[in-house]
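The structure appears right after this line, and notes come after that.
The values are calculated or read from the model by the stated rules, or taken from the named source; none is laboratory data. Keep in mind the model is a prediction, meaning the values are calculated, not measured. Every residue, glycine among them, receives a Cβ derived from its backbone with ideal geometry; neighbour counts consider all protein chains shown.
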């Protein structure tokens with residue numbers, strides 16, 4: 001006995017509808033087409049089991065919006081390619097949100113009166129803490145090798 005093809009992969013669209021999905025009223029799963037006066041189901045918003053059940057229980061005409069991968073499989077919500085794409089979108093949204101917050105916080109910090117001056121003072125304080133300038137405890141000027149010291153000549 002031959003194995004039947006999966007229901008979704010055996011679907012063919014005889015004549016694609018010219019109506020735009022964005023112009024139809026409804027949600028991400030089903031919208032009403034005023035051109036053909038029928039509900040149009042977006043298969044990519046359903047799981048494979050939900051989409052198969054929809055096709056099997058419907059008799060007569062059924063309007064579907066579907067996308068096929070390059071290997072011929074119909075894209076559904078639980079399709080591995082779609083899952084990875086959705087995960088990448090979510091990660092990009094989270095990273096973008098954090099970058100936005102950092103930029104806004106930086107802008108807020110630098111826009112405060114005296115913020116740049118205070119930040120420079122903090123940086124200078126840290127630099128002096130890391131590498132303090134030399135100090136002289138005897139009250140005389142420090143002598144560097146090879147540098148003549150100007151002063152009174154001896155014997156005057």
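This table checks each residue for (1) surrounded by 10 or more Cβ atoms within 10 Å (Cβ to Cβ); (2) at pLDDT 75 or above.
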position	(1), (2)
104	yes, yes
141	yes, no
148	no, no
151	no, no
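Across the range 35-48, the qualifying residues are those that are touching a residue at least 24 places away in the same chain (Cβ under 8 Å) and out of contact with any strand residue (DSSP E or B) (no Cβ under 9 Å at 6 or more places or on another chain), and the one among them that is surrounded by the most Cβ atoms within 10 Å (Cβ to Cβ) is 46.
Each row is one residue, and each column tells you yes or no for (1) on the phi < 0 side of the Ramachandran plot; (2) in a helix (DSSP H, G or I); (3) exposed (fewer than 10 other Cβ atoms within 10 Å of the Cβ).
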residue	(1), (2), (3)
13	yes, no, no
17	yes, no, no
52	yes, yes, no
60	no, no, yes
71	yes, no, yes
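What are the pairs with Cβ atoms under 6 angstrom where one residue, in the range 52-81, is closer than 15 Å to residue 41 by Cα and the other, located anywhere, is surrounded by 12 or more Cβ atoms within 10 Å (Cβ to Cβ) and at pLDDT below 75? Sequence gap at least six, or different chains. Matching pairs, first to second residue: 75/82. Within the range 22-34, restricting attention to residues that are touching a residue at least 12 places away in the same chain (Cβ under 8 Å) and either exposed (fewer than 13 other Cβ atoms within 10 Å of the Cβ) or not assigned by TED's automatic domain parsing to the domain that holds residue 73 (or both), the residue that is nearest to the chain's Cα centre (by Cα) is 28.
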